[in-house]
Structure formats: structure tokens, C-alpha cells
1. Condition first: surrounded by 10 or more Cβ atoms within 10 Å (Cβ to Cβ), at pLDDT below 90 and more than 20 Å from Ala68 (Cα to Cα). Now tell me which residues in segment 35-56 satisfy that.
2. Filter segment 57-72 down to the residues that are assigned to a loop (DSSP other than H, G, I, E, B) and loosely packed, with under 10 Cβ neighbours inside 10 Å, then identify the one that is modelled with the lowest pLDDT.
Amino acid sequence: MPDNALAHPARCLSIIAESPGDRAAGTRLSGPWDARDDLMRAPHRLSKLLLCWGQLWEASAGTGSHEAWQHTLRFDLVG
């Protein structure tokens with residue numbers, strides 16, 4: 001940016017502070033997308049958790065037999 005850029009207000013970015021109402025509106029609008037992202041990441045997190053516990057499903061995921069297998073898993077906490 002040239003030295004004289006700050007001398008021209010049109011070349012400067014304006015910064016507007018959000019009001020609490022603006023922030024709340026943004027949260028309401030982004031909430032459904034955040035929930036969708038969480039649901040899309042959940043199977044990946046679950047598979048990584050199961051791998052850490054030594055559980056591996058070798059067939060296709062998302063099938064009825066895969067879900068039945070997940071329901072048979074038990075994790076005993078030691079400690």
C-alpha cells in the first residue's frame with residue numbers, strides 16, 4: 001500500500017462494531033449451518049474413536065449391519 005493511501009478515506013476500510021442484536025442475529029443465522037457441520041463431522045470422529053479403542057469395521061459403513069455392530073460395542077472404563 002502506498003504511503004499516501006491513508007490520506008484518501010475512500011481507500012481505507014471502515015470498521016463497524018457489532019451491537020449485541022447484530023451478534024445474536026448472526027448466531028441465529030449461522031446456527032443451522034454449524035449444526036449441519038457437526039453432523040457431517042460426527043461419523044469421522046466416531047471412526048477415529050473406535051480406531052483408538054482397537055475397533056475396526058471392514059465392510060461398508062452406513063448399513064444396517066454396521067449400525068447393529070456399533071450397538072454391540074461396549075467400553076469399560078478402568079480407573
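1. Ala35, Arg36, Asp37, Asp38
2. Applying the filter and picking the extreme gives Gly62.
The values are calculated or read from the model by the stated rules, or taken from the named source; none is laboratory data. Everything quoted here is computed from the prediction, not taken from an experiment. Using ideal geometry, Cβ is built from the backbone for each residue, glycine included, and neighbour counts are taken over all protein chains shown.
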